[in-house]
1. Taking amide H positions as placed 1.01 Å from N in the peptide plane, with prolines and chain starts having none, which residues 5 or more places from Ala95, or on another chain, fall under 5 Å of its amide H?
2. Take each uninterrupted DSSP H stretch in the chain, measure its Cα extent along the helix axis, and return the ones at 20 Å or beyond whose mean Kyte-Doolittle hydropathy is at least -1.0.
3. Between Glu106 and Ser72, how many nm apart are label points set 7 Å from Cα along the C-beta direction?
4. When the chain is fully extended, how far beyond the present Cα-Cα distance does Gln171 get from Ala82, taking 0.36 nm per residue of separation?
5. Roughly how far apart, in whole Å, are the Cα centres of the range 206-224 and the range 129-184?
6. So what is the calculated 222 nm ellipticity per residue for the chain, using -39500 (n - 2.57) for each DSSP H run with n of 4 or more, over all residues, to the nearest 500 deg cm²/dmol?
7. Can you give the alpha-carbon Rg of the range 38-133 over 2.2 N^0.38 Å, where N counts its residues?
8. Before anything else, pin down the relative contact order of the chain: Cα pairs under 8 Å, at least 6 apart, normalised by residue count, whole percent.
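Rule-based calculations on the coordinates, nothing more; no lab input. Keep in mind that this is a model prediction, so the values were computed, not measured. Counting neighbours? That spans all protein chains shown, and the Cβs are built from the backbone with ideal geometry, glycine included.
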Amino acid sequence: MIVSNMNAKVALVTGASRGIGRAIAERLAAAGCEVAVHYGRDKAGAEETLARIGGRGFVIGAELGVPGDVESVVDQLDAELAGRRLDVLVNNAAASPAGPIGADTEAAFDRLVAVNVRAPYFLIQRLLPMLSDDGRIVSISSVATRMANPAQTSFAMTKGALETMTVTLAQELGARGITVNAVAPGATRTEANGAIFETPGLTELIVAQTALGRLGGADDVAEVVAFLASPAARWITGQVVDASGGLHLGVG
């Protein structure tokens, strides 16, 4: 997929120190964007991402899901932009699934909601004044919202909330030409989670249930995000784009 015409655009990618977030930052930078590389705890990883995009951007550090998180991100971004507009916001940072309901705790549940729902919601709220008309908001959801996985109930709930937010904000922000979409990855192997896929038989099971017959990679998701962030996607809004390779489409 060729994504062009993004020179002089500024993008903020949350959770860009590794994995899918890093791949998104790299892809947007390749398309011409200056990228604000956000990290929660892994400063070294964020600095590596920045180096990998040739220094085309800057690093923002703020743990999400804690008091003052959004204010910290916005203040740092505002200082770096120095009056310039933000063109693209990618809500990628997320807390991991907390397990089945029997093993879940109120603290773990509250953190999932704080990181996966509250943070992107209020980040959008605070960034709207500096977001360009015809800007782009892309949030990373999950195929967990369309699958019954008892090990990810609370996680799927938060991603479902993110998808509902996507639809309603698309309606609200359409008057400004701002598009709001979500991308739902499936099983995606990255340098950060590779060990999970070493579990005997897991990769084979997932591949057998995937229409395109392989695990996803971070680049597969990044390409979709970059398209939605580009001028070419100007007529797409309020959508959840499945980027899972066809995971669990039917009986294999």
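1. Distant-sequence amide H within range of Ala95: Asn116.
2. Values: long enough: 153-173 (30 Å, 0.40).
Flagged H segments are 153-173.
3. Distance between label points: 2.5 nm.
4. Values: separation 89, 0.36 × 89 = 32.04 nm, distance 2.97 nm.
Separation in residues times 0.36 nm, less the Cα-Cα distance, equals 29.1 nm.
5. 20 Å
6. Numbers: 8 runs with 92 residues, N = 252.
Mean residue ellipticity at 222 nm (helix-derived): -11000 deg cm²/dmol.
7. Numbers: Rg = 15.0 Å, N = 96, 2.2 N^0.38 = 12.5 Å.
After normalising by residue count via 2.2 N^0.38 Å, the value is 1.21.
8. Details: 494 pairs, mean separation 50.9, N = 252.
Dividing the mean separation by the residue count of the chain yields 20 percent.
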